[in-house]
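Asker: The structure's right below; bear with me while I get my questions together.
Only the coordinates and a few stated rules stand behind these numbers; no lab work does. Treat the numbers as computed from the prediction; the structure is a model and nothing was measured. Every residue, glycine as well, gets a Cβ built from its backbone with ideal geometry; the counts of neighbours run over all protein chains shown.
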Amino acid sequence: MKAILIVLIGFFQISTSVAQDMYVVSKAIVDFTSDAPFEMIEAESNKLTGILKISNRSFVFRVPIKSFEGFNSSLQKTHFNENYMESAKFPYAVFEGEIIEEINFNYPGTYTIRGKGSLTTHGVKQDRIINCDLVISTNKIKVNSKFTVLLEDHNIKIPSVLGQKIAKEIIIDIEIELILKKD
Amino acid sequence: MKKSTAILFIILFSFINSIAQDLLSMLDSIQPVKNEIIYEEGTFKSIRLINGYTSETASKKELVFSISHRFGDVNQGIYDFFGLDQSTIRFGFEYGLNDMIDLGIGRSNYQKLYDGFIKVKLMRQSSGKRNFPVTITLLEGISINTLEWTIDEVEYPFSARINYIHELFIARKFNEKLSLQLSPVIIHRNMVETNENQNTVGAIGLGGRYKITNRFTAVCEYYYLLPGNTADNFNNSLAIGIEIDTGGHVFQIHITNSTGMTEKAFIPETNGKWVDGDIGLGFNIIRLFSFK
């Protein structure tokens, strides 16, 4: 009986934590650049989604690989999806983790924080700490971040003949706007 | 008591587990993946299958430059170096006005033909919110024979040089490797060489590609002439080849019994017979330029 009580209390605590406030992505632009000696490739997506939980500062952000547009030609986009990212097999890039700094979301201001978690791209998980600038205002957070991803880290193989056309390190530029969602 | 504790632990554990991996599922419930129309892309590597076109068009502000070569028949032996002494060439440009419409021009030394066409994607293969099984592209083209008339005494009107082509490409990408295409076509030639020859010829094209690796693709193309005088006197065009995708270029190397590279030339005017060895080597080099 005691055990049941403990479980019930536990269940209650869990359910309250689920019901807590969180921020939800309302607008986002993800841009990537491959700056190689012979070719510059750029593409962007505005299809990123994600949530940030206030209680434990945990977050998840996800972007569908097929949603990237831009590129230098339609053939290049097909190469991106079929040859390199294999987006039919690995449809999303996901960053999931938590904010290291204990910030108070109730105080508006500008913060530089580190997001620690796992970045999954091309089906390969990498532990990453990514620096972000946060601008917190009432019920709204703006996130800006620029970081790089090594193709090798995610097992994305480029044929040696294209070594001068595709950069080994891809620059990612992210702008996200989150709004407070109350249950 | 033991049993119930065990059950409780299982319940508790499953809860903890669900909390540990709930962020993504929470995201799914809050921002579910939108049911959008997903268009199939890259049904074929380029606008050209072998002799004929594919359902692909040049995308917006993209210029596709193609150089095509067809050598003579291999059965001519060493004197003609297995056909390599003769060559037919066509070069062409195709430019995308938007992602659905493109315009093309070309010039071939076969009958000194100039050709121009418009290609329009009428429907695109899609999944998700709207399911449509195939991509349908319409090609409307014209070609002009600019050879000097062989008989000086007769004055032919300019319209005698003009040919029209109406073709529909119905293509389906079955998966990343296999794409097939059906292409009914009507060709109208304002003037033909003899009375027996048809001015208007119908044919049905069948083509496909199979990606062996990301860079090598096997391609095949066949045009079946609908019964009639032309079908009796000429041969169906058959071509098989491989396609090499180097990133910026697409190289296509093939063997075919056709000499021409314009619809008017290779569909109703193919003389060569595969069984007699009237086949020649050919290649297309396709380069994309972007003006974005």
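Asker: Please get the size of the charge dipole for chain B, origin at its Cα centre, with Cβ charges of +1 on Lys and Arg and -1 on Asp and Glu, quoted in debye to the nearest 20.
Answerer: 1760
Asker: Do the sum for chain B: with -39,500 (n - 2.57) for every DSSP H run of n ≥ 4, divided by all residues, what is the mean residue ellipticity at 222 nm, to the nearest 500 deg cm²/dmol?
Answerer: Roughly -3500 deg cm²/dmol at 222 nm, from the helical runs in chain B.
Asker: Just name one of B:TYR222, A:SER26, B:TRP274: the one whose Cα is farthest towards the positive end of the charge dipole of the protein assembly as shown (beta-carbon charges, Lys/Arg +1, Asp/Glu -1).
Answerer: About the Cα centre, the residue reaching furthest to the positive side is A:SER26.
Asker: Any chance you could list the semi-axes, whole Å, largest first, of the equivalent ellipsoid that the Cα gyration tensor gives for the range B:46-290, using √(5λ)?
Answerer: Values: eigenvalues 164, 94, 63 Å².
Ellipsoid half-lengths, sorted descending, are 29, 22, 18 Å.
Asker: Taking every eigenvalue of the Cα gyration tensor of the range A:30-77, multiplying by 5 and rooting it, what semi-axes result, largest first, whole Å?
Answerer: Values: eigenvalues 180, 30, 7 Å².
They are 30, 12, 6 Å, listed largest first.
Asker: How high is the FRET efficiency between B:SER127 and B:TYR79 when r is their beta carbon distance and R₀ equals 45 Å, given to the nearest 0.05? Don't skip to the end; give the middle numbers.
Answerer: Values: r = 55 Å, r/R0 = 1.23.
That pair, B:SER127 with B:TYR79, gives E of 0.25.
Asker: State to the nearest 20 debye the size of the charge dipole of chain A about its Cα centre, where the only charges are +1 on K and R beta carbons and -1 on D and E beta carbons.
Answerer: 580
Asker: Using Cα centres only, tell me the gap between the range B:51-87 and the range B:260-292 in whole Å.
Answerer: Result: 5 Å between the Cα centres.
Asker: Under a Cβ-only charge scheme (Lys and Arg +1, Asp and Glu -1), can you give me the dipole magnitude of the range B:73-194 about the Cα centre, in debye to the nearest 20?
Answerer: Value, rounded to 20: 1100 debye.
Asker: Which entries in the list B:LYS119/B:LYS292; A:LYS89/A:LYS142; A:LYS165/B:LYS292 go over 30 Å, if you measure between the two C-alpha atoms of each?
Answerer: A:LYS89/A:LYS142
Asker: How large is the helix-only mean residue ellipticity at 222 nm for chain A, computed as the sum of -39500 (n - 2.57) over DSSP H runs with n ≥ 4, divided by its residue count, in deg cm²/dmol to the nearest 500?
Answerer: Computed mean residue ellipticity for chain A: -3500 deg cm²/dmol.
Asker: Okay, next question. Using every alpha carbon pair in the range A:60-135, what percent of pairs falls into each 10 Å bin from 0 up to the bin containing the largest distance?
Answerer: 18, 35, 26, 16, 4
Asker: Return the loop-located GluC sites (Glu not before Pro) in the range B:186-292 (DSSP other than H, G, I, E, B) with at most 14 other Cβ atoms within 10 Å of their own Cβ; answer none if there are none.
Answerer: B:GLU193, B:GLU196
Asker: Over all pairs of distinct alpha carbons, what does the Kirkwood formula give as the hydrodynamic radius of the range A:21-181, in Å?
Answerer: 16.4
Asker: A follow-up question, please. Normalised by the empirical 2.2 N^0.38 Å for globular proteins, what value does the Cα Rg of the range B:43-185 take?
Answerer: 1.27
Asker: A further question follows. Output the relative contact order of the range B:46-290, whole-number percent, from Cα pairs under 8 angstrom with separation of 6+ residues.
Answerer: Result for the range B:46-290 is 20 percent.
Asker: What whole-number distance in Å separates the alpha-carbon centres of the range B:106-152 and the range B:194-216?
Answerer: 12
Asker: Percent relative contact order of the range A:123-182, based on C-alpha pairs within less than 8 angstrom and at least six residues apart?
Answerer: Details: 77 pairs, mean separation 23.3, N = 60.
In percent, rounded to a whole number, it is 39.
Asker: Measuring from label point to label point, each 7 Å out along Cα→Cβ, what is the B:PHE283 to B:PHE174 span in nm?
Answerer: Between B:PHE283 and B:PHE174, the simple spin-label model gives 3.0 nm.
Asker: Using r as the Cβ-Cβ distance of B:ILE162 and A:ASN46, and R0 as 56 Å, what FRET efficiency do you calculate, to the nearest 0.05?
Answerer: 0.70
Asker: Shifting gears a bit: What FRET efficiency would be calculated for the residue pair B:LEU182, B:LYS34, taking the C-beta separation as r and a Förster radius of 30 Å, to the nearest 0.05?
Answerer: That gives a FRET efficiency of 0.35.
Asker: Does the protein assembly as shown come out rounded, prolate or oblate by the C-alpha gyration tensor, with a ≥ b ≥ c the root eigenvalues, rounded set by a/c under 1.5 and, if not, prolate when a/b is larger than b/c and oblate if not? If you can, show how the numbers build up before the last one.
Answerer: Values: a/c = 2.99, a/b = 2.68, b/c = 1.11.
Prolate, since a/c reaches 1.5 and a/b exceeds b/c.
Asker: Moving to a separate point now. Go through the range B:181-194 residue by residue and turn each phi into a ³J(HN,Hα) via Karplus (6.51, -1.76, 1.60, θ = phi - 60°); whole Hz please, and just put x for glycine and proline.
Answerer: 9, 10, 9, x, 9, 10, 10, 10, 10, 4, 9, 10, 5, 10
Asker: Now a separate question. Output ³J(HN,Hα) for the range A:55-65: one whole-Hz value per residue in order, computed from phi by the Karplus curve 6.51 cos²θ - 1.76 cosθ + 1.60 with θ = phi - 60°, and x for Gly and Pro.
Answerer: 3, 10, 6, 8, 8, 9, 10, 9, 9, x, 5
Asker: With springs connecting C-alpha atoms under 10 Å apart, model chain A as a Gaussian network and identify which of A:SER137, A:SER74, A:SER118 has the largest mean-square fluctuation.
Answerer: A:SER74
Asker: What does the structure give for B:27-36 when I average, per residue, the other chain Cβ atoms found within 10 Å of the residue Cβ?
Answerer: That works out to 4 on average.
Asker: Once each part is reduced to its C-alpha centroid, what is the distance from the range A:14-85 to the range A:109-183 in angstrom?
Answerer: Going from one Cα centre to the other spans 8 Å.
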